[in-house]
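Just below is one structure, and these are the notes that go with it.
The values are calculated or read from the model by the stated rules, or taken from the named source; none is laboratory data. All figures in this text were calculated on a predicted structure; none of them were measured in a lab. Cβ placement follows ideal geometry from the backbone for every residue including glycine, while neighbour counts extend to all protein chains displayed. The protein model used for the area step is the full one, side chains on, heavy atoms only, and it has no ligands, DNA or RNA in it. Shrake-Rupley method; radii C 1.70, N 1.55, O 1.52, S 1.80 Å.
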Amino acid sequence: MSATLLYIEDDREIGEWVNGFLKEKGYGVIWLTGGEKAVESASSCSLAILDVMLPGLDGFTVGQRIKRAYPGMPILMLSARTSIDDKLEGLQFADDYLTKPFHPDELAARVEVLLRRFAVNSAEPAVLKHLTVYEDENRIVNQETEEEIMLTGKQFQIFMYLFRHQGRVMTKEQIYEAVWGESYIEGDKTLMVHIRYLREKLEKDPASPEIIETVRGLGYRVRV
């Protein structure tokens with residue numbers, strides 16, 4: 001399956017050109033013209049491409065927020081600015097910096113290199129309490145029993161969304177919209193039921209969870 005890219009560019013002419021080119025290359029593209037919803041939209045993406053000059057929040061601020069939320073996501077900055085100071089500022093959090101104007105083939109090449117590099121880095125399994133998480137293989141193993149824990153698609157998506165935001169409280173609205181792609185309706189018990197089933201499969205003692213914590217009145221988080 002081709003990667004989905006988050007692309008943030010407020011210039012309509014450039015945006016339509018780059019958006020169309022990336023789709024021709026086989027990528028899925030979420031194109032935003034501002035950075036206000038960047039972090040939320042990035043949850044389903046493998047890489048972010050963003051322009052420095054944006055209305056409202058500038059590209060540096062948006063990029064830093066994305067990197068804090070998704071440390072493993074590569075970021076490619078685009079800018080007409082050529083000063084070394086701007087490049088150095090961008091490269092404090094971004095993984096590559098491309099100066100406008102650029103040839104689309106160079107953009108495609110840099111995207112491919114970043115995706116390959118971060119795919120290699122993300123191949124290492126992560127350990128959480130008694131669990132080993134193989135994100136690239138979509139599976140979780142209980143270290144103590146050495147058995148794979150079988151989750152449904154939605155259960156795995158919920159867990160991975162919380163896992164990627166370890167230590168942060170994620171609201172029911174954020175989780176529901178990220179996993180189901182729809183707005184959360186107050187009072188809906190669907191997420192709560194999925195969390196209960198997740199705990200039954202992941203926790204040593206589901207009644208006293210050590211992995212998925214409920215933060216009353218706010219949401220859930222995976223404990224660091």
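Residue by residue through region 45-53, which ³J(HN,Hα) values in whole Hz follow from phi under the Karplus form 6.51 cos²θ - 1.76 cosθ + 1.60 (θ = phi - 60°), with glycine and proline marked x?
Listing the rounded values in order: 10, 9, 7, 10, 10, 9, 7, 5, 8 Hz.
Mind checking the dipole of region 4-119: about its Cα centre, +1 per Lys or Arg Cβ, -1 per Asp or Glu Cβ, Debye to the nearest 20?
420 debye
For the chain, what does the helix formula give at 222 nm: sum of -39500 (n - 2.57) over DSSP H segments with n ≥ 4, over the residue count, nearest 500 deg cm²/dmol?
When only DSSP H runs of four or more count, the value is -11500 deg cm²/dmol.
Taking all protein chains together and a probe of 1.4 Å, list 43, 2 from the most accessible to the least accessible. Walk me through the numbers before you get to the answer.
Working: 43 30, 2 70 Å².
Ranked list, largest accessible area first: 2, 43.
Mind jotting down the distance between the C-alpha centroids of region 162-202 and region 1-72, whole Å?
Going from one Cα centre to the other spans 24 Å.
Can you pull the Rg over Rh of the chain, Cα-only, Kirkwood?
Values: Rg = 19.1 Å, Rh = 19.0 Å.
With Rh from the inverse mean 1/r over Cα pairs, Rg/Rh is 1.01.
Just how large is the dipole of region 102-224 about the Cα centre, in debye to the nearest 20, putting +1 at every Lys and Arg Cβ and -1 at every Asp and Glu Cβ?
400 debye
Would you work out which of 55, 214, 28 lies farthest towards the positive end of the dipole of the chain? Charges go on Cβ: Lys and Arg +1, Asp and Glu -1.
The residue sitting farthest along the positive end of the dipole is 214.
By how many nm would the segment from residue 145 to residue 182 lengthen if fully extended, with 0.36 nm per residue of separation less the alpha-carbon distance?
Taking residue 145 through residue 182 to full extension adds about 9.6 nm, to one decimal.
Could you tell me the accessible area of residue 164 in Å² (1.4 Å probe, neighbours in place), rounded to the nearest ten?
Accessible surface of residue 164 is approximately 100 Å².
May I ask you to give the percent of accessible area on the chain that is carbon plus sulfur, with a probe radius of 1.4 Å?
Carbon with sulfur: 48 percent of the solvent-accessible area.
Going 7 Å from the Cα of residue 112 toward and past its Cβ, which residues in region 12-37 have a backbone nitrogen under 20 Å from where you end up?
Hits in region 12-37 for residue 112 at 20 Å: 18-29.
At 7 Å along the Cα-to-beta-carbon direction for both residue 193 and residue 17, put a label point, then send me their distance in nm to one decimal.
Between residue 193 and residue 17, the label points sit 5.1 nm apart.
Can you give me the accessible area per residue for the chain, using a 1.4 Å probe, in Å²?
Details: 12000 Å² over 224 residues.
Value returned for the chain: 54 Å² of accessible area per residue.
Quick check: residue separation of residue 171 and residue 224 times 0.36 nm, minus the Cα distance between them. What number comes out in nm?
Working: separation 53, 0.36 × 53 = 19.08 nm, distance 1.72 nm.
Length gained between residue 171 and residue 224: 17.4 nm.
Choose one of 184, 42, 17: the residue whose Cα lies farthest towards the positive end of the charge dipole of the chain (beta-carbon charges +1 Lys, Arg; -1 Asp, Glu; about the Cα centre).
With unit charges placed on the Cβ atoms, the residue in question is 184.
Taking 27 Å as the cut-off for C-alpha to C-alpha distance, list the pairs among 67/204; 23/189; 129/154; 67/201 that go past it.
Among 67/204; 23/189; 129/154; 67/201, the Cα-Cα distance tops 27 Å for 67/204; 23/189; 67/201.
Consider a paramagnetic label point 7 Å from the Cα of residue 65 along Cα→Cβ; state which residues of region 1-38 have an amide N under 13 Å from it.
33-38
Would you mind working out the magnitude of the charge dipole of the chain relative to its Cα centre, with +1 at each Lys and Arg C-beta and -1 at each Asp and Glu C-beta, to the nearest 20 Debye?
Details: 27 positive and 36 negative charges, 108 e Å.
So the dipole magnitude of the chain works out to roughly 520 debye.
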